[in-house]
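Notes to accompany the following structure.
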Amino acid sequence: MVCLPLFPLLQSRNTDIRDDTACGMAALHIHPRATEIFLVVKGRVLTETVLETGVTAQDSDPTNPLKPRLIKNELTENQATVFPQGSFHTQMNPECTPGYAIAAFSSEDPGAALAAPQTFALTDDFVIANFGGAVDEAEIQRIRDGIPKGALAEVEACKKRCGL
């Protein structure tokens, strides 16, 4: 077993070995206290990351100066990506078989904040204002009811394609 006294390099670090289920997706989230290095050990993983406000898209639009920069990756075995501290990110196994990955963090306590549950925990008035009035109370409740109850979700189109 690897532990801090036997492996001092673990000081101020955290590592997670993930079993990525077929057609599984990690909910959109951030780690407020750590940068994550994500390495695919087996399988294929699609990732998307949105950097902090102000890091604009490469195809920046003068009519939308705050258009966020989206970084997309397709990782296969022995490939990795970095999710900077505080960046919104998600990972998906698009395959019909399980995969495995290792996530290493720059802190013993990286924290995790799931975007959808935390956004929709706000009162309706705040959600409506943050969505520019594009949603109403009924739609907010429908979305709240549909948010997965954990950190993992399943992609229905993938499950259907795989016969799962």
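Here are a few things to note about the model shown:
- Positive-pole candidate from Asn78, Val127, Ala27, dipole of the chain, charges at beta carbon: Asn78
- About its Cα centre, the chain has a charge dipole of approximately 420 debye under the convention of +1 per Lys or Arg Cβ and -1 per Asp or Glu Cβ, with nothing else charged.
- Rounded D (µm²/s) - the chain, Kirkwood Rh over Cα pairs, Stokes-Einstein at 20 °C, 1.002 mPa s: 121
- Taking other C-beta atoms within 10 angstrom as a stand-in for reagent exposure, Lys160, Lys149, Lys67 fall in the order Lys149, Lys160, Lys67, fewest first.
Throughout, read-outs are computed from the coordinates displayed, never taken from laboratory work. Note that the coordinates shown come from a computational prediction; the quantities given were computed from them, not determined experimentally. Methodologically, a virtual Cβ is constructed for each residue, glycine included, from the backbone with ideal geometry; neighbour enumeration extends over all protein chains shown.
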